[in-house]
Each structure stands twice: as C-alpha cells, then as structure tokens.
Amino acid sequence: MFKPVSNIFNNIIVEKDGVTYYKTYVAGNWIDSGEYIDIKSPIDLSIIAKVSRLNWQRIDVALDSIYNDGRWVVRDVPGWRRVEILEKAAQIIESVKEDFVQALILNAGKTRSQALGEITAVIDRLRAAHLDARKIFGEYIPGDWDQTTTETEAIVRREPVGVVLAIIPFNYPLFDTASKIAYSFIAGNAVVIKPPSADPLPVLMLARVLELSGFPKEALAVFTIPGSESDKLVADERISAISFTGSSETGKRVIEKAGIKQFVMELGGGDPAIVLADADIKLAAERIAMGIYSYAGQRCDAVKLILAEESVYEELKKLVVAELTKVKVGDPRDPDTVMGPLIEVKAVDEMMLAIDEAVKLGGRIVYGGKRLGPTYVEPTLIEFTDKDAMKRSMLYQKEVFAPIALLTSFGEVDEAINLANGRKYGLDVAIFGVNMEKIRKLIRYLETGAIYINDMPRHGVGYYPFGGRKYSGIGREGIGYSIEYVTAYKTVMYNFKGRGIWRYLL
Ligand code: NAP
C-alpha cells in the first residue's frame with residue numbers, strides 16, 4: 001500500500017483493514033464515494049491503493065456548482081494573487097517532494113531520477129506562470145480603415161472560457177496536470193481534471209497541495225472515472241475547452257463526442273531521428289539510445305524510427321547497440337536501475353506482437369526483443385533493409401508505447417523526408433549533423449511540430465512550445481503558448497459617430 005508520509009495528506013486518505021483508500025476532490029470537499037478503483041503498481045502488479053470513484057450523478061452536481069459559481073469565483077481572484085497561489089503550490093511540493101517521488105516510483109513505475117525530473121519540471125512550470133500571464137493581452141483596432149466603421153474603435157479582449165476539462169495521460173500524471181492547471185487558472189478558468197485510471201495518486205496529491213495553496217475551492221475538481229465512461233463528461237456543455245493529452249485514438253473519440261468546444265490535443269507521437277553523414281555519431285548514438293529507453297519508451301517524444309545516411313549507418317548501429325547494452329532493466333526502486341517496467345501487462349503484450357510481426361516482415365532484431373517479466377522488457381532495436389516492408393509494419397504505422405525503435409538507412413535527404421513524413425504522426429523529429437543545406441531542407445519539408453537539432457526530442461517543462469501535426473494533435477502546450485486555447489476573444493466596439501472626436505473627418 002502507498003501512503004504519503006507528510007501529514008498534509010492525512011485528510012485525503014482513509015485506512016481500513018490494511019487497505020489505503022484515497023478520497024477525491026470536488027469543489028472543496030474530499031469525497032469517499034463508497035465505490036473504488038483498484039490502483040496497481042506496475043513494479044509487481046500489487047494493489048497499492050483504492051481510489052474513490054465518482055458516478056455521473058455526483059459529477060453532474062459538481063459541474064453545476066463549478067459552472068454556476070466556481071468559474072465566476074476564479075475570475076474574481078486578481079492576476080497577481082493567481083501567481084502567488086501557484087508559487088505557494090510550488091513551495092509546498094518542494095517541502096513534501098519525497099512523497100511525490102514515492103508516488104511516481106510506485107504508481108507510475110518511474111526511477112527515482114525520472115520522478116525527480118518530473119517533480120522539478122512541475123515546480124518550474126508553476127513558477128513560470130507569470131510568463132503565461134504576458135500572453136493574456138488583447139488588441140486595440142482603429143475603425144478608420146473602413147467607411148462603415150469610421151468614427152468607431154474597438155478593443156478585443158481575451159477572456160477566460162469558463163470551465164476547462166483537463167484529461168491526463170498516465171505517463172506524466174503530475175506534470176501534465178500541473179501544466180494544464182497553470183495555464184488554465186492563470187487565464188482565469190475553473191479546471192476539472194480527469195486523471196489517468198492507472199496512476200491517479202499523484203494527481204490527487206496535487207489537488208490537496210492546490211487546496212492548501214489557496215486555489216479557489218469552488219473552481220477545482222478531480223473526476224475519478226474511467227475513460228471508457230467519460231463520453232458524457234466530454235460532451236457536457238458546461239465545459240468550454242478540453243485540454244487533452246493521450247493517444248491519437250482516444251483524442252479522435254474525444255473530438256467526435258465533444259461538440260462545439262475549444263481544444264488543445266496533445267496526441268500520439270514516436271519520433272524519427274535522422275542522422276546525417278557528418279554528424280557526431282557518438283553524440284547521436286547516445287541521445288538516440290536515451291530517446292528509446294528513457295521511461296521505457298513511454299513518452300510521446302520517444303525515438304521510434306532511426307534513419308541514418310548510408311555512409312554512417314553501420315557505425316551508428318554499433319554505437320546505439322553499445323548504449324542499449326548498458327541499460328539495466330529492473331525494479332525502479334533499485335538505484336542501479338536505468339529502465340523500469342511498462343505501465344501494464346498489455347503494453348508488453350503489444351510490444352511482443354509488434355516484434356513478431358516485424359520479424360515476419362523481414363526485420364532483424366539487432367538488440368533486445370525479449371520479455372523479462374509481466375511488465376518488463378529489453379529495450380529493442382529492429383533493423384530493416386527492405387523499406388517497403390518496414391512501412392507495412394505496426395511499428396511504423398502505429399505508436400507502440402514501449403522501448404522499441406526501427407532502424408534503416410537512406411541515400412538522399414529526400415528519402416529520409418519521405419520515410420519520416422510517411423508516418424501518420426507529426427510530433428517531433430531529431431536531426432544530427434552539421435551540413436546546413438541538408439538541415440535547412442529537412443526543416444522545410446518535415447511535417448512535424450518541432451525539430452531538435454543535435455539532440456533527442458524532449459519537451460521538458462514546455463519552455464519551448466510543443467505539439468503535433470497530423471495524428472499528433474492540435475494546438476500547442478508550452479509556457480505562454482496554450483493561453484489562446486483556454487481563452488476567447490470578446491470585441492468591444494465604441495461608437496463615437498458625430499461626436500467630433502476625429503476632427504479631420506468634419
Ligand atoms: P490514453 O489511453 O489515450 O488515455 C489518456 C487519458 O484519456 C486517460 O485519462 C484516459 O482515461 C482518458 N480517456 C480514455 N478514453 C476516454 C474517453 N472516451 N473520453 C475521455 N477520456 C478518455 O493515453 P495514455 O496511454 O494514458 O497516454 C499515452 C499516450 O499519450 C501516448 O499516445 C502518448 O504519445 C500520448 N502523449 C502525448 C503527449 C504530447 O505532448 N503529444 C504527451 C504525453 C503523452 P483512463 O486512464 O481512465 O482510460
């Protein structure tokens with residue numbers, strides 16, 4: 001069982017017969033609904049908690065109160081105070097950091113350094129909220145550029161949309177929640193969170209921190225329901241914007257069900273890495289390998305397709321394999337572990353299926369390929385010489401959310417562009433090399449949301465905006481850049497016709 005040590009979490013937990021039950025937060029109240037979701041640790045599949053599950057009746061009542069009351073209360077919190085509240089939340093997280101580290105290790109299967117990385121990103125993100133604030137501006141439009149609007153003028157304001165629904169994936173439960181709350185709240189919105197069913201514990205703990213920081217209680221809720229029962233929530237007209245991070249398939253369903261709303265959709269990815277002949281091959285191999293195994297490949301910006309120019313192909317392959325050989329797979333509580341488990345058994349099953357299929361299509365396993373336990377796998381590299389066969393593989397066509405990548409060579413830059421753009425995703429691409437003409441051409445033709453030159457893709461805290469094209473999504477996450485999706489323009493037109501203000505017209 002997982003129970004945080006700090007007493008600030010005492011009131012969100014009930015212990016009964018050796019079981020730890022977590023309540024959920026709804027507009028100022030911690031609720032024990034009497035029905036629970038079992039929370040398992042991916043480390044050994046043991047049940048580490050039971051989380052109170054909400055039914056639609058409770059969500060309906062909560063939405064009423066947040067819509068009628070909460071969304072107005074939050075707008076009455078002055079901007080400087082919103083910044084103070086998020087700063088206070090950052091301070092509290094720092095003071096109970098070890099509880100968050102343990103929650104991310106046990107519930108999400110992260111290693112200690114990955115957990116610390118996520119928590120540091122959360123603290124930095126909350127503290128950067130004043131930078132989002134600089135994007136909440138409007139415009140002044142003079143009217144004398146059209147005869148019908150002469151002697152009028154307008155101000156175009158940016159206003160909060162009201163209630164933002166933040167839907168959170170399992171891989172960054174804490175950071176994604178903090179980030180979506182930061183930009184939605186700083187812009188003056190109430191926020192309702194749909195946490196991931198696999199690892200909601202860090203989200204509930206964050207809600208408690210926000211409550212203690214002075215976040216307006218009427219304007220925040222965590223709706224603990226399974227995604228499979230969320231259609232009604234997504235479609236609800238009391239919600240004006242949806243900020244979703246998750247798979248492309250779920251994202252598509254959310255858009256279909258939601259109706260007329262504003263969206264930020266951060267969807268599936270899995271990134272190509274293109275290695276040019278003049279690249280620093282050692283650096284490229286290190287970063288690419290890390291892009292494969294970091295958090296067991298369960299990152300939207302994980303490297304899933306390696307394209308190397310023919311003259312450096314063999315050397316790159318050798319060095320990437322050498323890097324993967326160093327990866328110690330195991331229990332993330334062991335300080336020597338570099339790569340922990342996948343989130344669930346099903347994810348390993350899918351990876352094994354994808355490997356079998358790739359081998360049948362002519363792919364060759366150059367490293368890994370084996371299951372090491374119900375949720376543990378070796379990081380895996382699969383080489384293809386027949387590119388048409390590779391393009392038919394599940395690993396090329398889908399996002400297999402696991403530590404596995406394809407490797408092939410290319411001759412001309414155009415071939416690399418076609419192979420990278422041939423995937424339905426368009427989140428990021430990494431390019432390793434020096435030749436500016438080739439890099440410039442790649443920048444021009446790659447259909448992707450971001451390009452990392454001489455580094456692996458890593459979205460980090462969102463200091464630089466990230467987000468996808470094609471199946472990878474709509475909109476951008478990032479400090480300042482998400483404000484436009486959770487605000488709406490309001491044009492205020494002032495009519496001064498005949499009042500003599502613009503004297504040159506008289
Ligand atoms: P997921 O299975 O799509 O779930 C994401 C969230 O959506 C969960 O909270 C899930 O709830 C919920 N959900 C499921 N069905 C729903 C429905 N019909 N209506 C509303 N919500 C629903 O994704 P995941 O496996 O948690 O996360 C991994 C995916 O996220 C990968 O594809 C990854 O690439 C993507 N991702 C993208 C970015 C980016 O920046 N583009 C960043 C991180 C992750 P339950 O947990 O209850 O099912």
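Scanning region 433-449 turns up one or more residues that are in contact with an Asp or Glu (Cβ under 7 Å, 6 or more places away or on another chain) and under 30 Å from Gln262 (Cα atoms). Can you pull out the residues in region 440-457 that are crowded, with 19+ Cβ neighbours inside 10 Å and assigned to a loop (DSSP other than H, G, I, E, B)? Answer for region 440-457, where residues must be crowded, with 19+ Cβ neighbours inside 10 Å and assigned to a loop (DSSP other than H, G, I, E, B): Leu446, Thr448, Gly449, Met456, Pro457. Among the residues of region 427-450, are any at positive phi and either outside the structural domain of Ile181 (by TED's automatic domain parsing) or touching a residue at least 40 places away in the same chain (Cβ under 8 Å) (or both)? Yes, that holds for at least one residue. Residue by residue through region 454-464, note down the ones that are under 20 Å from Arg423 (Cα atoms) and of a type in the set (A, V, I, L, M, F, W, C). If the condition is that a residue be under 20 Å from Arg423 (Cα atoms) and of a type in the set (A, V, I, L, M, F, W, C), then Met456 is the only one that fits. Considering only region 242-269, state which residues are of a type outside the set (A, V, I, L, M, F, W, C), near the ligand (Cβ under 6 Å from one of its atoms) and over 15 Å from the mean Cα position of the chain (by Cα). Listed by number, the list holds a single entry, Arg253.
Considering region 1-32, and only residues there that are touching a strand residue (DSSP E or B) at 6+ places or on another chain (Cβ under 7 Å) and in a helix (DSSP H, G or I), the residue that is farthest from Ile47 (Cα to Cα) turns out to be Asn11.
The values are calculated or read from the model by the stated rules, or taken from the named source; none is laboratory data. Quick caveat, the model's predicted, so the values are computed rather than measured. So basically every Cβ, Gly included, is an ideal-geometry build from the backbone, and we count neighbours across all protein chains shown.
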